[in-house]
Amino acid sequence: MAEIRLDNIRKTFGKIVATRDVSLTVHDTEFMVLLGPSGCGKTTLLRGIAGLEQIDSGRVFIGDKDVTDLPSRKRRIAMVFQSYAVFPHLTVYENIAFGLRMQRLPDSEVKKRVHSSAELLQITDLLDRFPAKVSGGQRQRVAVARAIAVQAEVLLMDEPLSNLDALLRLEMRAELKRLLKDVKSTVVYVTHDQVEALSLGDRIAVMKDGEILQCDTPLQVYDNPASEFIGGFIGNPPMNFLEVQLSDNAVMAGGASFTPPPAVRAALGNGARVALGIRAENIVAESVRTDGALSGAVLVVEPLGSHNLLTVQVGGERVKVNAHADSRFEPGQRIWLKFAPEKIRWMNRDTGRAIS
Ligand code: ATP
């Protein structure tokens, strides 16, 4: 059992509060992603779990053990950090074997694990080389292979794929996901890449300014962002937010009206500032007027292969819309947009938070 429990973790660097009393439970065998913009405290939190950073206050539990005062080496974790130090005097093979030899595993098991990890990271042909003779991206893969070979109950990873080119990154992501499910490690994985977070995480903890703003499944975080910040940070393009006015219990935007759910009306009353959030793929663009559609003007058409991404001017705001790959919209054209009502998220403009 390797549940990780963080209880009010606070870490400051002088006046900077890197993590603000963060609490989080990562379930046994769960893949938890810490996601957020640069400087939000992801690495500090991970280093706190690893025991590489002494926290100011709070407790860290791994399994049912309070490890807060234990040194890193006694926490029984494997880790890959951004500064993926590999041992320069050991071959790639011996680097990957290092943790296994520490565990005094028999040679046959060491060999098996080194080869399967190397295969997964596509570095089998480098096993006899020394780290100085491989590229930065390959060295990073050695560090990942070394960490996963141990099959530790807890695996902590900080941007482990950051130095790989886009295609390799995509491949490694899927392989890593498969392997870590097989091994049944509890994983905490830091990234600022939202696609990586969505694809890998069982849950994603979205961080900003040293706090966790939302911790939920990828689908929930994507579909039901708790705030405008999260809706804008996750998803490409970001979620659209259109400021609308509540009047007569209906909301007018770009010439169309939407009926807000009772919770929105109850929470805000008439006249309050509300934003309506909708994702590009939940808008249908039409070249002819239909009932309840918003009128807008096409500004930009970006053909992306699988679909065309439109930037549309609606009143004073710009809206991103996914149109069919075969659609033939032109810049300057007047079009009509229809929002899928069940996909609309209502936000309080003043707090930036979702109204549930
Ligand atoms: P990135 O994605 O850029 O690595 P991050 O989300 O991992 O960012 P942290 O590295 O945890 O963020 O940093 C959180 C805050 O703490 C930042 O403001 C950073 O400047 C500060 N910080 C981190 N480490 C130190 C340090 N050793 N000394 C002083 N300030 C630090």
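At pLDDT below 95 and crowded, with 18+ Cβ neighbours inside 10 Å: does that describe residue 276? Taking the combined requirement at face value, the residue satisfies it. All conditions but one from (1) within 16 Å of the ligand (Cβ to nearest atom); (2) loosely packed, with under 15 Cβ neighbours inside 10 Å apply to residue 65; the one that does not is (1). Does at least one position in segment 192-200 carry a residue that is at pLDDT 90 or above and polar (S, T, N, Q)? Looking through segment 192-200, at least one residue is at pLDDT 90 or above and polar (S, T, N, Q). For segment 207-220, state whether one or more residues are away from the ligand (no atom under 16 Å from the Cβ), crowded, with 23+ Cβ neighbours inside 10 Å and at pLDDT 90 or above. Looking for residues that are away from the ligand (no atom under 16 Å from the Cβ), crowded, with 23+ Cβ neighbours inside 10 Å and at pLDDT 90 or above, one finds none in segment 207-220, hence no. Taking segment 170-199 as the range and being away from the ligand (no atom under 16 Å from the Cβ) and either within 15 Å of the chain's Cα centre (by Cα) or of a type in the set (A, V, I, L, M) (or both) as the test, the residues that pass are 170, 172, 173, 174, 176, 177, 179, 180, 183, 187, 198, 199. Annotation for segment 251-258: no member residue is within 16 Å of the ligand (Cβ to nearest atom) and either modelled with pLDDT under 90 or in a loop (DSSP other than H, G, I, E, B) (or both). When restricted to residues that are at pLDDT below 95 and either under 28 Å from the mean Cα position of the chain (by Cα) or over 20 Å from residue 130 (Cα atoms) (or both), segment 71-101 contains 16.
State the number of residues belonging to segment 297-343 that are crowded, with 19+ Cβ neighbours inside 10 Å and under 27 Å from the mean Cα position of the chain (by Cα). So the count comes out to 8.
Exactly one residue out of 29, 12 is within 14 Å of the ligand (Cβ to nearest atom), surrounded by fewer than 24 Cβ atoms within 10 Å (Cβ to Cβ) and polar (S, T, N, Q), and it is 12. Scoring residue 34 on the criteria (1) more than 16 Å from the ligand (Cβ to nearest atom); (2) buried (at least 17 other Cβ atoms within 10 Å of the Cβ) leaves a single failure, condition (1). The set of residues from segment 37-51 being within 24 Å of residue 147 (Cβ to Cβ), within 11 Å of the ligand (Cβ to nearest atom) and in a loop (DSSP other than H, G, I, E, B) comprises 38, 40, 41.
The values are calculated or read from the model by the stated rules, or taken from the named source; none is laboratory data. Predicted, not measured: the structure shown is a model, and the values here were computed from it. Note that each Cβ is placed from the backbone with ideal geometry, even for glycine, and that neighbours are counted across all protein chains shown.
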